[in-house]
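One structure below.
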Amino acid sequence: SSFALIDTFGAGRLIEGVGPIDVLLANDAEADALRAGRPLESLEAWARLTVVKQGPRGASAYAPGDAWHAAANPVSVVDTTGAGDAFDAAFIVEWLTTRNVEAALRAGNRLGAHVAGHLGAQPPSPA
């Protein structure tokens, strides 16, 4: 999680230092820290697309005038190490390939759940 970096560096300073971005991938805690008490929509001034990973509640994405949500995939959680990174990788690959946010959320949830269902950050490849 990047929460410690955001908390230590300061959300405003981080946003100003990085500048505008195309896609922000954050978990709930990171998104909350970055918006610093402002509505989630406030991140739209910084990121064209904001994706918020919500663990067992799935994932949501926001862009000016649009919002998407994909439910979490059922999984018996063994270890969450690497699940967020796996989500990010699958989301980006699907989004860059199709530009379909809903499909990208589903792909991220699917791979994140697969990783969370195994011990360690490098589980066997999904079937």
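A few remarks follow.
- The range 27-121 - percent of accessible surface contributed by carbon and sulfur, probe 1.4 Å: 54 percent
- Taking every DSSP helix (H) stretch of at least 4 residues in the chain, weighting each as -39,500 (n - 2.57) and dividing the sum by the residue count yields a mean residue ellipticity at 222 nm of -13000 deg cm²/dmol.
- Formal net charge of residues neighbouring Ala121 (Cβ-Cβ distance under 10 Å; K, R +1; D, E -1): -2
- Take the chain with all the other protein chains still there, run a 1.4 Å probe, and you get 56 Å² of accessible area per residue.
- Annotation for Thr97 and Ala67: the two label points, set 7 Å from Cα along the Cα-Cβ direction, are 2.9 nm apart.
- Hydrophobic long helices, here whole DSSP H runs in the chain with Kyte-Doolittle means of at least 0.0 and Cα atoms spread over 15 Å or more along the helix axis, are found at 83-98, 101-116.
- Difference of contour (0.36 nm per residue) and Cα-Cα distance, Asp85 to Glu16: 22.4 nm
- With K and R counted +1 and D and E -1, the other residues having a Cβ less than 12 Å from that of Phe3 yield a net charge of -4.
- Modelled FRET efficiency - R0 22 Å, Leu5 with Glu44, Cβ distances, 0.05 increments: 0.50
- Environment charge at Ala103 (Cβ cut-off 12 Å; Lys +1, Arg +1, Asp -1, Glu -1): +1
The values are calculated or read from the model by the stated rules, or taken from the named source; none is laboratory data. Predicted, not measured: the structure shown is a model, and the values here were computed from it. Heads up, the Cβs are rebuilt from the backbone with ideal geometry, glycines too, and the neighbour counts pull from every protein chain shown. Accessible surface is based on the protein model in full, side chains and every heavy atom, while ligands, DNA and RNA are left aside. Shrake-Rupley method; radii C 1.70, N 1.55, O 1.52, S 1.80 Å.
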